[in-house]
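Presented below is the structure to which this report refers.
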Amino acid sequence: MEGPSGKYDATDAAAICEAASRPSMRFVPIKTCEQQGVMSLHRVRESLKEERTACINQIRGVLTEFGLAFGKSPKVLRSVLSDVIEDASNELSPTARLVMQRAFEHWRELDEHMRWCDRQIGQHVRSSSAAKRAAKIIGIGELCASAFTAGVGDFKQFKSGHQCGAWLGIVPRQDTSGGKIRLGRITKRDDDYLRTVLIQGAKAAVMTAEKRDDPNSRWLAQLTARVGWQKACVAMANKNARILWAVMTREEGFDPNHVSVKPQAKQSEFHRATASFGTTCTT
């Protein structure tokens, strides 16, 4: 027994082997080499973005120590940084100017690396028919479409769009006891990156919902006014996950004016027998 919760390695291994032999057991599909290559591109881009953010914060921190403060936007800092480095009237020391010049060059180099990643992602979307269909969904875009077609692969592994959303961790956590259903925050299960890019795309859809007149945008504008933009972003991400599943499994293009119709519930054998019995008695 190991760990604070008590873990039996031999027992766990035996349970895994027993579960794997069951016919109803589902396994994670193996990614192809092409999928792994595209996902490595996304991982590198994400690390470059984090490194760029750290570089910008470091530049801002050094300038603040010398009494030079600017707006929070990276565009504002970038537009004035060259003038600040060359301005001899400020309090920057010669060593600090050299450091800022080197950090600014590193910033621009990271921007160029990210632009290269974006070009490669765009090329992947243009070469994939599935990614093209996904990119046309409102709130998805090229980055999210490329990540999902490479990260998920075959969407038919999910039985429904709800199951796809649950796999992404953007559905409420359910705590049911005594017949009472309690819904909490989203579960945040599985891949953090896929969930992040999906919610980021949903934010763009929320911000521009009032400019569009399709059913989803009208619903989104009403939802934002009722519950706030943060919850609306998560709700839109969940809806986009279901739309993405439908588009990919049916291999059809996205129609913003499509209105889904719930299928009628299947009648059980008992209800069919009862209905036929009642008809027989009546006649």
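Throughout, read-outs are computed from the coordinates displayed, never taken from laboratory work. Since the model is a prediction, treat every value here as computed from it, not as a measurement. Virtual Cβ from ideal backbone geometry, glycine too; neighbours counted across all protein chains shown.
Its relative contact order, with pairs defined as Cα atoms under 8 Å and 6+ residues apart, puts the chain at 16 percent. In region 11-156, Cα pairs under 8 Å separated by at least six residues give a relative contact order of 30 percent.
In terms of its alpha-carbon gyration tensor, region 156-197 comes out oblate; a/c meets the 1.5 threshold, while b/c is at least as large as a/b. Using only alpha carbons, region 31-127 has a radius of gyration to Kirkwood radius ratio (Rg to Rh) of 1.13. Listing Lys239, Lys231 from fewest to most neighbouring C-beta atoms within 10 Å gives Lys231, Lys239. Most mobile of Leu68, Leu143, Leu194 per a Gaussian network model of the chain (Cα springs, under 10 Å)? Comparing Leu68, Leu143, Leu194 in a Gaussian network model of the chain, the most mobile one is Leu68. Using θ = phi - 60° in the Karplus curve 6.51 cos²θ - 1.76 cosθ + 1.60, the 3J(HN,Hα) couplings for region 29-44 round to x, 7, 6, 7, 4, 5, 4, 5, x, 5, 5, 5, 4, 5, 5, 5 Hz; x is entered for Gly and Pro. Annotation note: trypsin sites (Lys or Arg not before Pro) in region 15-123 located in DSSP loop regions with a Cβ neighbour count of at most 11 within 10 Å are Arg26, Lys72. Between the residues Ala235, Gly37, Cys117, the greatest Cα displacement towards the positive end of the dipole of the chain, with unit charges on the Cβ of Lys, Arg, Asp and Glu, is found for Ala235. Highest mobility in the GNM of the chain, judged by mean-square fluctuation with C-alpha springs under 10 Å and restricted to Thr176, Thr11, Thr196, is found for Thr11. Here the Gaussian network model covers the chain, with springs between Cα atoms less than 10 Å apart; of His124, His42, His258, His258 fluctuates the most.
For Ala96 and Trp229, a Förster radius of 45 Å and the Cβ-Cβ distance give a FRET efficiency of 0.65, rounded to the nearest 0.05. In this label model, Glu252 and Lys188 are separated by 3.7 nm, measuring between points 7 Å along each Cα→Cβ vector. Which whole-percent values make up P(r) of the chain when all C-alpha to C-alpha distances are grouped in 10 Å steps starting at zero? That works out to 5, 18, 23, 22, 17, 9, 3, 1, 1, 0, 0, in percent per bin. With N counted as the residues of region 130-255, its alpha-carbon radius of gyration over 2.2 N^0.38 Å works out to 1.05.
For region 41-133, GluC sites (Glu not before Pro) are listed when DSSP marks them as loop and at most 15 other Cβ atoms sit within 10 Å of their Cβ; the list is Glu91.
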